[in-house]
Amino acid sequence: MLSYPNESKPYVAMIMKIFSALSNSELAIMEVLWEADRITAPEIRVQVYPDAAKSQHGTVQKLLQRLEEKGFVLRDKTHSLHFFSPRISRDDYAANQIESLVDRLGSGSIAPLITNLIERKRISSEDIKSIREILDKDNGGRA
Amino acid sequence: MNAESLILFGINNTLISSLIAGFAFILSKKSVAPKVVHMIWLLVFLKLLIPPLLHFPVLGLKGSNNTDWVYQPSTEHCFTAHRSENNDAQKFQDKNPASNTLRQLPYNSFFTSPLIVLSVSVSFLLAIWSLYRIYTFSRLVSTCSKEAPEQILKLATLLAEQLKIGKSPTIRICSANISPMVWMQFLSPIIILPEKLIKTLSDQDLKSILAHELAHIKRRDYLVRYVEWLCFILFWWNPVVWWAQRHLRAIEEICCDELVLASNSMNPRDYAQALLSTMEFFANPVIRPPAMASEIFSDGLLERRFKMIIQKHTTGNFTFLARYAVIAAAFVLLPMSLIVGQDFKAVELRLSRAVEHGEINKDQAAAMLKTLHQFDQKKDQSAKKQIKDKQERLYAEMEEKIYLLVKNGEMSKQDAAQKLEGFRKELYGEKTKMDVMVARKNRYAALEMEIHQRIIDGEISKKEGQMKLESVRKELFGEEKTIKKIPAKKEYQQPKKRNAKLAAQEKEIMTLVKEGKMSKGAAKRKLENLQKDPQFKTK
């Protein structure tokens with residue numbers, strides 16, 4: 001899997017912030033998770049809200065819950081203190097963002113500046129089936 | 001430039017490009033060479049962007065209006081022409097700086113049409129938003145992709161030679177599961193390939209994919225993207241644009257396939273197989289989220305494409321001629337304006353020709369013609385009304401000013417009559433005899449009132465008044481008619497009380513008109529009624 005060169009991390013972070021399916025605060029938590037891989041809520045809070053008063057704990061919990069619902073975070077309930085880990089890797093997430101951006105710059109969007117070989121939104125399984133048949137028929141004929 | 005001309009631009013271009021689109025659609029159903037059909041679809045987009053520049057007198061349309069590329073409604077012409085050409089106007093303006101109403105003509109302010117404002121705002125927002133996306137994507141491409149491995153670059157160079165492209169473009173590999181694509185990165189196109197796909201494909205398949213992307217670059221399709229983009233920004237409201245784009249892309253792909261296969265670098269079957277493998281890769285639910293499956297519908301364009309790859313496809317003998325025919329037609333169609341010319345016979349002729357050649361529905365042609373008629377009528381009516389209102393208002397203002405000047409003794413009555421006449425001539429141009437008559441009557445009535453007033457005030461004697469009025473009447477109406485012959489003796493033999501009453505009423509009416517509380521038309525009518533009134537018996 002391609003991992004981004006370290007110098008590019010700030011750019012990628014900036015871009016992911018802008019086009020993210022996640023809000024800024026959610027993304028901040030994810031960054032911590034990606035770094036730590038398995039971590040508790042208080043530890044997350046310390047990293048995300050280092051100077052804040054204890055009341056930020058509720059905010060962190062809420063965000064974690066939202067991320068869990070969206071499928072980004074996995075909660076380990078085996079102990080009384082829950083552990084959190086990311087469900088989707090950072091690279092996968094970045095790739096997702098790129099893919100959706102490409103869709104938005106492809107045919108059928110306002111700025112159709114990409115010449116895609118395949119418009120992901122435009123292939124149906126019926127198309128593939130019928131094309132498969134056409135090719136097989138031709139193969140059969142030639143064979 | 002004004003709101004009306006922009007709307008005309010939009011409608012004119014939309015109409016013609018829709019016609020071209022319909023024509024292209026018909027052709028695409030028949031076995032016409034893809035290259036030709038592609039050119040016609042492209043013409044649809046180009047037509048949308050090029051403003052109506054020329055009106056062809058040969059076809060019976062009105063001659064070119066003027067240097068501006070926008071349609072100039074006749075009202076503007078009326079006033080601007082007179083402003084500069086008429087010497088009397090100049091003289092008049094010099095003497096009376098107060099009468100600058102000729103210069104301050106309020107017109108269809110660009111900003112008053114809400115439709116235009118809305119459309120332009122949305123276009124502007126779309127432009128900004130899409131530029132932002134493009135910037136983001138460019139950044140992502142440079143930071144989240146890497147240079148392609150040596151073997152791929154070598155393969156690309158080889159294929160580029162076969163396809164006769166000068167320089168092999170930059171190729172980048174990206175980890176995301178995006179489709180292989182051509183992207184215009186800062187003035188030059190680059191090819192982007194997804195890492196996973198490259199690893200899955202065989203060498204032969206990879207060759208096919210690369211050849212396809214290189215074919216796009218050879219055909220400069222990435223430039224057509226900009227044309228599409230502009231059209232979307234400006235004509236986002238037009239469904240024909242969306243529909244045409246799908247067809248343009250579909251035919252573009254077919255043309256690319258043709259180009260690849262014509263270069264004889266591979267077997268059609270292998271090429272088709274490579275494309276299918278790529279499609280299957282992306283149809284995989286692991287790659288594509290299941291939620292997207294529901295969005296997809298089959299429009300048969302993909303199937304057609306594969307059939308064309310497989311079948312032995314020989315380009316017809318007429319393709320060469322047909323392409324040049326399309327280019328020639330483009331020169332005529334692109335700058336053409338359909339609506340501005342009000343010669344409906346010519347439009348009808350052209351539409352019927354389109355029906356013959358392009359087999360556009362007769363009903364469609366009839367509907368278009370009907371719309372044109374309605375639009376033209378409405379435009380005519382509203383333009384006429386505007387002109388009339390303006391003229392009336394200006395004339396009334398002028399009359400008032402003159403009246404005041406005369407009353408204050410700053411201008412002689414002779415001069416006044418002359419000036420007013422001059423102004424009226426400018427304003428109304430050639431008018432029908434009846435209009436001229438009416439205008440004269442109005443002026444005569446105004447002067448008559450004034451003279452009466454003076455007689456009553458004792459400024460001039462009755463005889464003087466009579467003579468003046470007589471001379472004015474002669475001047476206005478000539479010797480032929482003796483309208484409003486003043487029954488001089490009769491009138492002035494009436495008791496002074498009645499005269500005074502009449503004069504007072506007339507004065508009141510004049511004041512009301514001056515203050516704007518009564519329209520000129522109503523005043524005229526009232527005065528006429530007063531004069532007809534047996535109580536006063538001025539006739």
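Structure above, values below:
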quantity: Per-residue HN-Hα couplings for region A:97-102 [Karplus 6.51, -1.76, 1.60; θ = phi - 60°; Hz; x = Gly/Pro]; calculated: 5, 4, 4, 5, 5, 4
quantity: Per-pair calculated FRET efficiency, R0 = 60 Å: A:THR59 and B:GLN162 via Cβ, rounded to 0.05; calculated: 0.50
quantity: Difference of contour (0.36 nm per residue) and Cα-Cα distance, B:VAL355 to B:TYR324; calculated: 9.0 nm
quantity: Exposure proxy order (Cβ contacts within 10 Å, fewest to most) of B:SER175, B:SER121, A:SER85; calculated: B:SER121, A:SER85, B:SER175
quantity: Residue order, fewest to most beta carbons within 10 Å, for B:SER31, B:SER142; calculated: B:SER31, B:SER142
quantity: Proxy reagent accessibility, fewest Cβ within 10 Å first, across A:ARG87, A:ARG45; calculated: A:ARG87, A:ARG45
quantity: Residue-wise HN-Hα coupling along region B:246-258, computed from phi with Karplus coefficients 6.51, -1.76, 1.60 (Hz; x: Gly, Pro); calculated: 4, 5, 4, 4, 4, 5, 4, 4, 4, 4, 4, 4, 4
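Coordinate-derived values only; no laboratory data. None of these values were measured; they are calculated from a predicted model. Here the Cβ is made from the backbone with ideal geometry for all residues, glycine too, and neighbour counts use every protein chain on show.
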